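The values are calculated or read from the model by the stated rules, or taken from the named source; none is laboratory data. Note that the structure is predicted; figures quoted are calculated from it, not measured. We place every Cβ from the backbone using ideal geometry, glycine too, and count neighbours over all the protein chains shown. Side chains are part of the model used for accessible areas, which takes the heavy atoms of the whole protein and leaves out ligands, DNA and RNA. Shrake-Rupley method; radii C 1.70, N 1.55, O 1.52, S 1.80 Å.
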Amino acid sequence: MFKSIIIRELRNAGFIALGVLSAGMGLKGFLLSSNFIDGGVTGVSMLLAKTTPLPLELWLILVNLPFIAVGFRQMGG
């Protein structure tokens, strides 16, 4: 029982890592190189990165923080 839970969680973590990797490759390889702006939080972060001296990586974290806080609060953490 305990072993199957660990395997399931490791599998989930692997899928999350693959999703983040593929999203990063799409962002770097397609959107940024073509000067396209995405929608949502990523798009807002991209616009802020183009208009301020702060890098996109920092804006992605900063713009996502309120959503992380709301999600954490909703989940009861």
Quiz item: Applying the selection to the stretch 33-43, what residues are farther than 16 Å from residue 23 by Cβ and of a type in the set (Val, Ile, Thr)?
Solution: none
Exercise. Scan the stretch 1-29 for residues that are open to solvent by 80 Å² or more (accessible area, probe 1.4 Å) and modelled with pLDDT under 90 and report the count.
Key: 4
Quiz item: Only one of (1) open to solvent by 70 Å² or more (accessible area, probe 1.4 Å); (2) modelled with pLDDT under 95; (3) assigned to a helix (DSSP H, G or I) fails for residue 62. Which number is that?
Solution: (2)
Quiz item: Does the stretch 37-50 contain any residue that is in contact (Cβ under 8 Å) with a residue 12 or more places away in the chain and touching a Ser or Thr at 6+ places or on another chain (Cβ under 9 Å)?
Solution: no
